[in-house]
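Chemist: Before we start, here is the structure in question, set down as structure tokens.
The values are calculated or read from the model by the stated rules, or taken from the named source; none is laboratory data. Treat the numbers as computed from the prediction; the structure is a model and nothing was measured. Cβ: placed from backbone, ideal geometry, glycine included. Neighbour counts: every protein chain shown.
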Amino acid sequence: MLIYRRRPHDVSEADVTPESIYRSRRAFMGTLGGLGLAASFAPSAWAKPPYEGVGEADAPKWFAAKKADARWDAVVPADPSKDKTTPFEDATHYNNFFEFGTDKDDPAARAGQLTTAPWSVTVDGLVNAPGAIALEDLIGPSQLEERIYRLRCVEAWSMVIPWLGIPLADVIKRADPKSEARYVRFETLVRPEEMPGQRSRFGLIDWPYVEGLRLDEAMHPLAFLAVGNYGRVLPNQNGAPLRLVVPWKYGFKSIKSIVRISLVKDAPMNSWQQIAPNEYGFYANVNPDVDHPRWSQSTERRLPNSLFSPNRIDTRLFNGYDEVANLYAGMDLRKHF
Ligand SMILES: Nc1nc2c(c(=O)[nH]1)N[C@H]1C(S)=C(S)[C@@H](COP(=O)(O)O)O[C@H]1N2
Ligand SMILES: [Mo]
């Protein structure tokens, strides 16, 4: 997998950066490339990349301030030759967010009513610095950065989405985990008044939606907490105001509208594993060689697609993010699916 530095869409680096700085940055990034992700460095004056058909959204004041200081030139793991950014329209109208219904267009139709401000996240469990933290304070100490990631759903479709957020590791480090902490557990908001899917008596899920990661997975530089996408504040249907993005795992791990992050000793039972333990595991790493009991995982439908242009592509182990492989060294990925 290639790690590359993204360029603003409509200008080259050389256009906006004095040549000497441009050259030395290039050399600097070349070194960092070998290390995986780059450490943060001084924000550049590069322009925010424009996304077609994406207007400015009403956003909280803190978001606008953080966005002004964002790293649009962050190192992003994606393959620019193969991975075209999915149009905003598709990414915001073909969603899974069962709190708003089970159809792909339910979240776009119904999530608008969700109140996302004020928002606070409880960070608790095996940490030395627990607390209920206002979203702006959770994000505040970090610099926002853009990450363009592939998103591969367990249902065998995929997209490429530019997220705006911070490394999950930043939040975990600030909570100061105790030595017994081994896993991280995440919980989505429960608010049936605004989430019609939570009112259904026939719902599959025992709310809240829960997800989990091993602590070392959560600390991996690719694990990300998003507050925006396509250069704007996160649309509600994508999990506003705070959602997880774990690009090497099936989409259901990337839990939306998070209100609680807990450091725990044992692996948390995640919602989909609870519903169908033979179909959905705890790890849920993207793996073309381990089929879902009811369908193949060897290929995926990359959106946008149509009957005439099905856009079916090969699925890759860890969704192509090879740098996470060492997290699973020696593990039987068929057993730990
Ligand atoms: N709380 C919650 N988070 C969730 C889900 C959900 O139903 N509820 N669906 C998951 C699934 S199956 C996928 S594929 C992704 C979809 O994210 P997107 O709609 O932003 O593309 O969100 C994940 N996070
Ligand atoms: Mo999914």
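Conditions (1) touching a residue at least 12 places away in the same chain (Cβ under 8 Å); (2) surrounded by 18 or more Cβ atoms within 10 Å (Cβ to Cβ); (3) aromatic (Phe, Trp, Tyr), marked per residue:
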| residue | (1), (2), (3) |
| --- | --- |
| 100 | yes, yes, yes |
| 107 | yes, yes, no |
| 111 | yes, yes, no |
| 119 | yes, yes, yes |
| 126 | yes, yes, no |
| 133 | yes, yes, no |
| 137 | no, no, no |
| 145 | yes, yes, no |
| 150 | yes, yes, no |
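Chemist: Okay, next question. Would you check which residues across region 265-274 are within 13 Å of ligand 2 (Cβ to nearest atom), assigned to a helix (DSSP H, G or I) and either within 15 Å of the chain's Cα centre (by Cα) or not hydroxyl-bearing (Ser, Thr, Tyr) (or both) and list them? Steps first, please.
Modeler: Step one: filter region 265-274 for residues within 13 Å of ligand 2 (Cβ to nearest atom), giving 270-272.
In the following step, the residues that additionally are assigned to a helix (DSSP H, G or I) were identified as 271-272.
If the condition is that a residue be within 13 Å of ligand 2 (Cβ to nearest atom), assigned to a helix (DSSP H, G or I) and either within 15 Å of the chain's Cα centre (by Cα) or not hydroxyl-bearing (Ser, Thr, Tyr) (or both), then 272 is the only one that fits.
Table: residues versus (1) in contact (Cβ under 8 Å) with a residue 40 or more places away in the chain; (2) within 27 Å of residue 88 (Cβ to Cβ).
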site: 153; (1), (2): yes, yes
site: 159; (1), (2): yes, yes
site: 175; (1), (2): yes, no
site: 179; (1), (2): no, no
site: 193; (1), (2): no, no
site: 210; (1), (2): yes, no
site: 216; (1), (2): yes, no
site: 225; (1), (2): yes, yes
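Chemist: For region 302-337, enumerate the residues that are touching a helix residue (DSSP H, G or I) at 6+ places or on another chain (Cβ under 7 Å), part of a helix (DSSP H, G or I) and not aromatic (Phe, Trp, Tyr). Walk me through how you get there before you give the answer.
Modeler: Restricting attention to region 302-337, the residues satisfying the condition of being touching a helix residue (DSSP H, G or I) at 6+ places or on another chain (Cβ under 7 Å) are 303-304, 318, 324-325, 327.
Now narrow it down to the ones that are part of a helix (DSSP H, G or I): 318, 324-325, 327.
Scanning region 302-337 gives 324, 325, 327.
Chemist: I need a count of the residues in region 233-257 that are among the β-branched types (Val, Ile, Thr) and closer than 17 Å to residue 321 by Cα. If you could, list the steps in order and put the result at the bottom.
Modeler: Residues of region 233-257 among the β-branched types (Val, Ile, Thr): 233, 245-246, 255.
Checking the rest, the ones that are also closer than 17 Å to residue 321 by Cα come to 245-246.
Of the residues in that region, 2 qualify.
Chemist: Next up: Name the residue, out of 160, 121, 190, that is farther than 27 Å from residue 305 by Cβ, within 16 Å of ligand 1 (Cβ to nearest atom), part of a strand (DSSP E or B) and aliphatic (A, V, I, L, M).
Modeler: Working: 160 fails: farther than 27 Å from residue 305 by Cβ; 190 fails: part of a strand (DSSP E or B).
From the options 160, 121, 190, the qualifying one is 121.
Chemist: Answer with yes or no whether residue 215 is touching a strand residue (DSSP E or B) at 6+ places or on another chain (Cβ under 8 Å), among the hydrophobic types (A, V, I, L, M, F, W, C), surrounded by 14 or more Cβ atoms within 10 Å (Cβ to Cβ) and over 18 Å from residue 263 (Cα atoms).
Modeler: Working: touching a strand residue (DSSP E or B) at 6+ places or on another chain (Cβ under 8 Å): yes; among the hydrophobic types (A, V, I, L, M, F, W, C): yes; surrounded by 14 or more Cβ atoms within 10 Å (Cβ to Cβ): yes; over 18 Å from residue 263 (Cα atoms): no.
No.
Chemist: Here is a check on your reading of the model: is residue 85 at pLDDT below 95 and within 18 Å of the chain's Cα centre (by Cα)? If you could, list the steps in order and put the result at the bottom.
Modeler: Numbers: at pLDDT below 95: yes; within 18 Å of the chain's Cα centre (by Cα): yes.
Yes; evaluated as a whole, the condition is true for this residue.
Chemist: When region 208-233 is examined, which residues are found to be touching a Pro at 6+ places or on another chain (Cβ under 8 Å) and either outside any strand (DSSP E or B) or among the hydroxyl-bearing types (Ser, Thr, Tyr) (or both)? Spell out how you get there, then give the answer.
Modeler: Quick first cut of region 208-233, residues touching a Pro at 6+ places or on another chain (Cβ under 8 Å) only: 210-212, 215, 221-225, 227, 229-231, 233.
Answer for region 208-233, where residues must be touching a Pro at 6+ places or on another chain (Cβ under 8 Å) and either outside any strand (DSSP E or B) or among the hydroxyl-bearing types (Ser, Thr, Tyr) (or both): 215, 221, 222, 223, 230, 231.
Chemist: Of all the residues that make up region 230-264, how many are within 16 Å of ligand 2 (Cβ to nearest atom) and either of a type in the set (A, V, I, L, M) or within 12 Å of residue 163 (Cβ to Cβ) (or both)? Before you say what the answer is, go through the steps one by one.
Modeler: Initial filter on region 230-264 (within 16 Å of ligand 2 (Cβ to nearest atom)): 237-239, 243-257.
Narrowing further to those that are either of a type in the set (A, V, I, L, M) or within 12 Å of residue 163 (Cβ to Cβ) (or both): 238-239, 243-247, 254-255.
Result for region 230-264: 9.
Chemist: Taking region 221-259 as the region of interest, how many residues are more than 9 Å from ligand 1 (Cβ to nearest atom), of a type in the set (Lys, Arg) and under 13 Å from residue 149 (Cβ atoms)?
Modeler: Looking only at that region, the number is 1.
Chemist: Sort out which residues of region 214-227 are more than 16 Å from ligand 2 (Cβ to nearest atom) and within 27 Å of residue 322 (Cβ to Cβ), and write them in order of number. Can you show your working first?
Modeler: From region 214-227, those more than 16 Å from ligand 2 (Cβ to nearest atom) are 214-225, 227; that's our starting set.
Hits for region 214-227 are 214, 215, 216, 217, 218, 219, 220, 221, 222, 223, 224, 225.
Chemist: Could you go through region 280-301 and let me know if any residue there is free of Cβ contacts under 8 Å to residues at least 12 places away in the same chain and in a loop (DSSP other than H, G, I, E, B).
Modeler: We begin by selecting, within region 280-301, every residue free of Cβ contacts under 8 Å to residues at least 12 places away in the same chain; these are 291.
From what's left, in a loop (DSSP other than H, G, I, E, B): 291.
Checking region 280-301: at least one residue is free of Cβ contacts under 8 Å to residues at least 12 places away in the same chain and in a loop (DSSP other than H, G, I, E, B).
Chemist: Further question: Among the numbered criteria (1) within 20 Å of residue 246 (Cβ to Cβ); (2) out of contact with any Asp or Glu (no Cβ under 9 Å at 6 or more places or on another chain); (3) more than 14 Å from ligand 1 (Cβ to nearest atom), which one does residue 91 miss?
Modeler: Just one mismatch for residue 91, condition (3).
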